[in-house]
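Reading through the structure tokens given below for one structure.
The values are calculated or read from the model by the stated rules, or taken from the named source; none is laboratory data. Just so you know, these numbers come straight off a predicted model, no measurement behind them. When we count neighbours, we look across all protein chains shown, and the Cβ atoms used for this are built from the backbone with ideal geometry, even at glycine. Each accessible area value is taken on the protein alone, full model and side chains, heavy atoms only, with ligands, DNA and RNA left out. Shrake-Rupley method; radii C 1.70, N 1.55, O 1.52, S 1.80 Å.
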Amino acid sequence: MSIAKEKIYDQDGIRAFCVSHDVFNVPSNMLTVHFDRPRLAVSGLDGAHQNICSVANCHTPKAIWPVLHETSTSWRNYANNCLKACDLEADCSLTLLTGVNMRELAFAEEKEGEVHVRVWATADPNHNAISAGLDSADCYLPSVTRNKVGTINIIIVYNQNLSQASLISAFIIATEAKSNILRTMDITSAYTKGLPATGSGTDQIITVSGPVDGAEPITCYGGHTLLGHLTAKATYKAVKQSLEKSFAVWGKRA
């Protein structure tokens, strides 16, 4: 198995790499973010976990989609193989999957005073964008054939000690920021012509607390807090940059 790592971030005990590798004999790539100390994290796929040492966003090439849909656990098997390729332990790592190549990965950060928010995002809603609450039933019917699936994945890493509830609340702020940039860039539903897109049908988020360091966890989180404000700004920027990269490669769906 061939593997090549490119370090793309290294600051404050956080290191990020773009990793090119082969999984299931198919060339692929992934983002890995490593922490110098275990942290509390919440994933939309796996829930809340203590002692997380790394998180990853794994590209799933179209060539392996049939394998991933063979059973309900195939996607997790693929994610575990990606972690294994990077010598990461599955029991202290969280993963996201996406059809978006990591060449479209974007990073943004916002800092004010002692509060620092870092966001990595991949975004391509060209073929899978939905308008939540307004879309047609076709957006979820199993019979609908999709040759290319788009996803917006967001990983948010804090330097402050956040409670589990605050990490969950961050999903709301990040989703609002994501939907706002889709509206600003005039991205519409792939299923109902003209409806404004709010996301894709497969979006996911991971939020990661900062180290404990003896501090009480922050339990007040929302759009009127500094944490919420910085999260929204960084998420907006990261998703926007990834969308621009995606459209440069694939073009924007008319």
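Only lysine pairs 8 or more places apart or on separate chains count here, and in the chain those with Cα atoms under 12 Å apart total 5. In percent, rounded to a whole number, the relative contact order of the stretch 1-132 is 18, using alpha-carbon pairs under 8 Å and six or more apart.
Want the number for residue 62 to residue 84: 0.36 nm per residue separation, take away the alpha-carbon distance, what's left?
Between residue 62 and residue 84, full extension yields an extra 5.9 nm.
A Förster distance of 41 Å, applied to the separation of the beta-carbon atoms of residue 224 and residue 193, puts the FRET efficiency at 0.65. Length gained on full extension, residue 212 to residue 36, computed as 0.36 nm times the residue gap minus the Cα-Cα distance: 62.1 nm. Between the amide H of residue 9 and those of 16, distances stay under 5 Å, these residues lying 5 or more places away or on another chain, with hydrogens modeled in the peptide plane.
At a probe radius of 1.4 angstrom, the accessible area of the stretch 177-241 per residue rounds to 46 square angstrom.
Here the relative contact order of the chain, from alpha carbon pairs under 8 Å that lie six or more residues apart, stands at 20 percent.
Helix-only arithmetic for the chain: the sum of -39500 (n - 2.57) across DSSP H runs with n ≥ 4, divided by the residue total, places the mean residue ellipticity at 222 nm at -8000 deg cm²/dmol.
Surface composition of the chain: carbon plus sulfur atoms contribute 52% of the solvent-accessible area (1.4 Å probe, protein chains only, all chains present).
A straight chain from residue 20 to residue 180 at 0.36 nm per residue would run longer than the Cα-Cα distance by 54.4 nm. Normalised by the number of residues in the stretch 104-254, the mean separation of alpha-carbon contacts (under 8 Å, six or more apart) gives a relative contact order of 37 percent. Remark: the stretch 64-125 carries 44 Å² of accessible area per residue (probe radius 1.4 Å; ligands, DNA and RNA excluded). Here's the picture: charge each Lys and Arg Cβ at +1 and each Asp and Glu Cβ at -1 in the chain, and of 229, 4, 92 the one pushed furthest to the positive end of that dipole is 4.
Once the Cβ-Cβ distance of residue 136 and residue 51 is raised to the sixth power relative to R0 = 35 Å, the FRET efficiency obtained is 0.20.
Here's how it looks for residue 116: its modeled amide H is under 5 Å from those of 159, 160, which are all 5 or more places away or on a different chain.
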